[in-house]
Amino acid sequence: MKPVEPPSCKSSSAIIFIGRNSRGDWVAQEQNGLFGGLFVNRAQAMKYALFENGDHPATIVLTSNIVELDMHRIAQSSPQTVEADESSRPARAA
């Protein structure tokens with residue numbers, strides 16, 4: 001059995017934004033930039049967010065805005081988001 005790391009979030013009140021970045025990848029980012037990651041699909045981003053926030057789904061925000069993961073920034077009040085429009089998302093094959 002491999003060891004499990006404890007959640008990064010000490011408080012269940014941390015808001016986690018889940019959305020797509022400008023390349024179409026799924027992003028989960030804590031509102032103050034304390035933790036986050038890139039994911040292959042929304043389900044994996046949700047699973048990560050729930051683990052990190054102690055299984056509190058009410059603190060997860062799914063957004064249609066562009067969410068750019070930035071792990072080098074100093075903690076801020078909200079992650080970088082950009083209003084999404086149809087031309088900003090890459091075309092995907094069906």
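What follows draws every value from the coordinates through simple rules; no lab data is involved. Everything numeric in this text was worked out from a predicted model, so none of it was measured. Backbone-built Cβ (ideal geometry, glycine too); neighbour counts: all protein chains shown.
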**OP:** Grab the beta carbon distance between ARG42 and HIS72, set R0 = 22 Å, and tell me the FRET efficiency rounded to 0.05.
**Re:** 0.35
Original post:
Where the convex hull is taken over the Cα atoms of region 12-66, what is its projected area averaged over directions, in nm²?
Top reply: 3.3 nm²
